[in-house]
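Structure first, commentary second.
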Amino acid sequence: MTQRVHSIAVIGGDGIGPEVTGAALEVVRAAGVSFTTKEFDLGAARYLRDGFVLDDATLERLRGFDAIMLGAIGPAIGDTRIPGGTLERGLLLRMRFGLDLYINFRPFHAVQGSLAEGCDFAIVRENTEGPYAGEGGVLRYGTPHEVATQGSVNTRFGVERCVRYAFDHAARAARPKVTLVHKTNVLIYAGDLWSRVVAEVKKEYPQVEVDYNHVDAACIYLVEDPQRYSVIVTDNLFGDILSDLAGAVTGGIGFAASGNINPTKSGASLFEPVHGAAHDIVGTNRANPLAAVSSAVLMLEHLGENEAAARIAAAVRDFQGDASILGTSGITAQLLERL
Ligand code: IPM
Ligand code: MN
């Protein structure tokens, strides 16, 4: 059997981004996966150097890779030279929308000693619609009569493909259960659409249990009763907020992985840790690469490298010691040894 050689676009980005993607790729290589890499210089540092964020040609080049691995994007805290939204909307969201990465998949495996110890669940976040779509605008800017609107876009098509992904995943999960999280008591139009789609898709998955929580209640449950969850499905903004909370109760955002996935493969899927660029610890060997490594596991599953993915996931699960003492190199060395 000839082994496939995967082409991976690497956007190390800013701060500790290049350190954690470097460690993750080293682990993937050690697991026996063959791949080539092409680096893309994108992010805050690039923007500050020459004003470039992302253009159509670069987006089209990214589309053609088997996967994209991203470290972190963003300036140092307190650096105000980049207007808010420039990189978020211009780079991250542009890739999510342009490559149709309509699922943001965030699995959480609670580490020992965390609030949610013993819990395993995932958030399936819709990744191309909701308030992130950018509907809205401003009138009478800067006057006392200023009007700002920011709509939430929910299409039948977009909601259904996200809900289907959640059910597919739940059907294969240890506990086949999908919990819709929304705010149907207030956001009655969008909430009704999400609820109806969940009820309809559920008919095709008799073995999958369905539950519903309002988003405010879900914040309490994630802290006080996280074991009730297996797969949460929710819209873009609720999913963004809940996944930070889920990261906090399962061991910290330093462990949280995410896959921005286009299941149809019409564009390269993008894998990134949920954490930020942490400029304050660059070059000090203090960056925790576990979230980037776990994101690489999601990438390998997407690429069909299930055996290597399972071995790396087991090494991460069996990781022992204090991440803050071992540091980037110590953690990476332990993972390499466990492979
Ligand atoms: C995330 C981030 C992004 C989001 C920002 C940086 C645009 O918070 O991936 O969760 O809101 O989706
Ligand atoms: Mn977020």
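Odds and ends about this structure:
- For the stretch 143-149, the Karplus equation 6.51 cos²θ - 1.76 cosθ + 1.60, evaluated at θ = phi - 60°, returns couplings of 9, x, 9, 4, 10, 10, 10 Hz by residue, with Gly and Pro reported as x.
- Length gained on full extension, Thr264 to Leu336, computed as 0.36 nm times the residue gap minus the Cα-Cα distance: 22.7 nm.
- Spin-label pair Glu135/Ala248, simplified geometry with 7 Å Cα→Cβ offset, distance in nm: 3.0 nm
- Every helix of 4 or more DSSP H residues in the chain counts as -39500 (n - 2.57), and over all residues that averages to -12000 deg cm²/dmol at 222 nm.
- Sparsely packed loop sites in the stretch 184-227 (the trypsin sites (Lys or Arg not before Pro) outside DSSP H, G, I, E and B with at most 12 other Cβ atoms within 10 Å) comprise Lys203.
- For Phe35, distant residues with modelled amide H under 5 Å away: His6
- Accessible surface, 1.4 Å probe, highest first, among residues Cys162, Cys219: Cys219, Cys162
- For Val210, distant residues with modelled amide H under 5 Å away: Val178
- Each Lys and Arg Cβ is given +1 and each Asp and Glu Cβ -1; about its Cα centre, the chain then shows a dipole of about 500 debye.
- Kirkwood Rh in Å, taken over all unlike Cα pairs in the chain: 20.7 Å
- Relative contact order %, the stretch 238-339, counting alpha carbon pairs below 8 Å whose residues are six or more apart: 23 percent
- Order of exposure, largest accessible area first, which applies to Leu245, Leu187 with probe 1.4 Å: Leu187, Leu245
- Heavy atoms of Glu200: accessible area, 1.4 Å probe, square angstrom to 10: 80 Å²
- In the stretch 112-190, trypsin sites (Lys or Arg not before Pro) in a DSSP loop with at most 13 other beta-carbon atoms within 10 Å: Arg140
- Structural descriptor for the chain: relative contact order 24 percent, calculated from alpha carbon pairs under 8 angstrom and at least 6 residues apart.
- Note on the chain: lysine pairs with Cα distance below 23 Å, sequence gap of 8 or more or different chains, count 5.
- Note that the stretch 225-236 has calculated 3J(HN,Hα) couplings of 8, x, 5, 6, 9, 10, 10, 9, 10, 7, 7, 4 Hz, one per residue in order, obtained from phi through the Karplus relation 6.51 cos²θ - 1.76 cosθ + 1.60 (θ = phi - 60°); glycine and proline are x.
- ³J(HN,Hα), Karplus 6.51/-1.76/1.60, whole Hz, each residue of the stretch 44-57, x for Gly, Pro: 5, 4, 4, 4, 5, 6, 9, x, 7, 10, 6, 10, 4, 5
- The listed residues Val33, Val316, once ranked by accessible area (1.4 Å probe) with the largest placed first, stand as Val316, Val33.
- Candidates per trypsin sites (Lys or Arg not before Pro) in the stretch 245-339, loop by DSSP, up to 14 other Cβ within 10 Å: Lys265
- Relative contact order (%) - criterion: Cα under 8 Å, at least six apart; region: the stretch 123-231: 27 percent
- Long-range amide H partners of Phe121 with built H, under 5 Å: Phe108, Ala110
- Theoretical gain in end-to-end length, Arg317 to Arg49 [0.36 nm per residue, Cα-Cα removed]: 92.5 nm
- For the chain, built as a Gaussian network whose Cα springs stay under 10 Å, the top-fluctuating residue of Ala199, Ala57, Ala278: Ala57
- Sulfur and carbon atoms: percent of accessible area, the stretch 204-339 [1.4 Å]: 52 percent
- Taking every protein chain into account, the 1.4 Å probe leaves Phe40 with about 20 Å² of accessible area, to the nearest ten.
- Computed over the chain with a Gaussian network model linking Cα atoms closer than 10 Å, the most mobile of Leu193, Leu62, Leu70 is Leu193.
- Charge tally in the Cβ shell below 14 Å around Leu92, where Lys, Arg are +1 and Asp, Glu are -1, Leu92 excluded: +1
- Largest mean-square fluctuation among Gly252, Gly151, Gly22, in a Gaussian network model of the chain whose springs join Cα atoms under 10 Å apart, belongs to Gly151.
- Of all DSSP-defined beta bridges confined to the chain, some 40% are antiparallel rather than parallel.
The values are calculated or read from the model by the stated rules, or taken from the named source; none is laboratory data. Computed from a prediction, not measured in an experiment: that's the story for all the values here. FYI the Cβ positions are ideal-geometry reconstructions off the backbone, even for glycines, and counts take in every protein chain you see. Heavy atoms of the whole protein, side chains included, go into the accessibility calculation; ligands, DNA and RNA do not. Shrake-Rupley method; radii C 1.70, N 1.55, O 1.52, S 1.80 Å.
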